[in-house]
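Down below is the structure, laid out as structure tokens.
The values are calculated or read from the model by the stated rules, or taken from the named source; none is laboratory data. Just so you know, these numbers come straight off a predicted model, no measurement behind them. With ideal geometry, Cβ positions are generated from the backbone for all residues, glycine too; neighbour counts draw on all protein chains shown. Note: areas computed on protein heavy atoms with side chains; ligands, DNA, RNA excluded. Shrake-Rupley method; radii C 1.70, N 1.55, O 1.52, S 1.80 Å.
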Amino acid sequence: MNRMTWIARLLPVVAVMLLSQSAMAAQAGPTADTPERPVYLDIMPVADADNAILPEDVVAAMASEALSGARQATIRMKDQALPAGVRVLRIMYIVHQQPDENGMTLAAAASTELLRTANEGDGGVQTFSVYNGMQQTLVQGPNLDRAQTLLRAAFKKELQARISSAFQNAQAL
């Protein structure tokens, strides 16, 4: 039997197997790989100073990208009360810049916290911390533009590591 004949006979069998697997998955409902609910993002710069170096929208995009890789849908919070029964990823950060003899030094510090909310019983919402991670990023560049590019790349890498750590905890799912 040549290769083309073998492939032609195998394709219908593979198609039936894939269809039956997808039908079983649809009947089984969500699995550990498919989250049941989205993650609310709460991005909070601690101070307005140097906010243009690492704006809220950029940090939110970094977090959303990391969560999408983990198959977690996100909802961006903006000055709203936390609903009950959700997961909230709160990122608080501050950026500092300092000119020096070699150009510019930039530093960013961040706290990444994963929270779960639940009804308190009297209609209020109670918040539980599932994970809390800290990061500090320090970069130097010959000028502000280069230092800013370096800071964003390093901050993103460290933030993604914190987010990955947060969602390795069974309580996070």
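Assorted remarks:
- Protection-proxy order for peptides 62-71, 121-130, each taking the mean of Cβ atoms within 10 Å per residue, highest first: 62-71, 121-130
- Probe 1.4 Å - accessible area at Phe167, Å² to nearest ten: 30 Å²
- Per-residue ³J(HN,Hα) for segment 54-64, Karplus 6.51 cos²θ - 1.76 cosθ + 1.60, θ = phi - 60°, Hz, x for Gly and Pro: 9, x, 3, 4, 5, 5, 4, 5, 4, 5, 4
- Subtracting the Cα-Cα distance of Met134 and Gln97 from 0.36 nm times their residue separation leaves 11.4 nm of extension gain.
- Linear extension gain, Glu65 paired with Lys78, 0.36 nm per residue minus alpha-carbon span: 2.8 nm
- Rounded to whole numbers, the Karplus 3J(HN,Hα) couplings from phi for segment 128-139 are 10, 7, 9, 8, 9, x, 10, 9, 9, 10, 10, 9 Hz, using 6.51 cos²θ - 1.76 cosθ + 1.60 with θ = phi - 60°, and x at Gly and Pro.
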